[in-house]
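A short worksheet on the structure shown next.
Laboratory data are not the source of any read-out in this text; all were calculated from the coordinates shown. Given the structure is predicted, the values throughout are model-derived calculations rather than measurements. For neighbour counting, all protein chains shown are included, and Cβ atoms are generated from backbone atoms with ideal geometry for every residue, glycine included.
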């Protein structure tokens, strides 16, 4: 099985983070699963992270197009499933309509499984600008009643940056305090709102905060991708190809439209 795992960062800008992702995904994938970590084009932004861009929906529209097109490219290159690995699930909805392979989202998977298990979840985020789009996603998913708290972690920005420099004390302190507030607000399980803090939790072996389990959304999406592929192979559950949203035009028409609007086809992209 081949999985395409698409991050919202540029490879090589933060080598420690790249190492954490690789170690994390290698540790959780099933035997026989190969997972390729894909990232944004190198010239997307000049800094170590895209933090200065993700707070603008005008930029997110372009990011989402990139991610959605990547899902179709993954299908054409023979991948069995595709994952968008950022908390705001960029491009997920359109990816699901463009590609016929299973398409999974970091946030969506964690939110739905929490609700399926009957757990009210508390989100912990360090980027204030992402609260609005992530809350909008939860609303669109119909899961508002399962969200007990969205805590913007005071000192979280500094804590995350210190952790990326191998200094974890502030990160652990402020996130623990935020988890305690989420529990008082009724949360029963914790979901990291963004991918980078999730990797810090995984690296540190933190699986619980304030007496509540900490969901690993990235790992969860990978395992659900594997499950989705297996379910399709067994004929238990698979993607529909009926109706407006999921019926695709003939391949030659799709490739023609790609040439018109993108300047080339996505085959081999």
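Before moving on, here are some points about what is shown:
- Top-ranked residue in the stretch 22-51 [being outside any helix (DSSP H, G or I) and in contact with a strand residue (DSSP E or B) (Cβ under 7 Å, 6 or more places away or on another chain); ranked as farthest from residue 9 (Cα to Cα)]: 33
- Consider the stretch 219-268 and keep the residues that are touching a helix residue (DSSP H, G or I) at 6+ places or on another chain (Cβ under 7 Å) and assigned to a helix (DSSP H, G or I). The one that is farthest from residue 79 (Cα to Cα) is 245.
- Output for the stretch 145-161, where each listed residue is surrounded by fewer than 17 Cβ atoms within 10 Å (Cβ to Cβ) and part of a helix (DSSP H, G or I): 145, 157, 158
- Considering 27, 42, 59, the condition of being farther than 18 Å from residue 221 by Cβ and free of Cβ contacts under 8 Å to residues at least 24 places away in the same chain is satisfied by 59 alone.
- The one condition in (1) closer than 23 Å to residue 36 by Cα; (2) surrounded by fewer than 22 Cβ atoms within 10 Å (Cβ to Cβ) that residue 221 fails to fulfil: (2)
- Hits in the stretch 174-218 - residues which are closer than 22 Å to residue 9 by Cα and part of a helix (DSSP H, G or I): 195, 196, 197, 198, 199, 200, 201, 202, 203, 204, 217, 218
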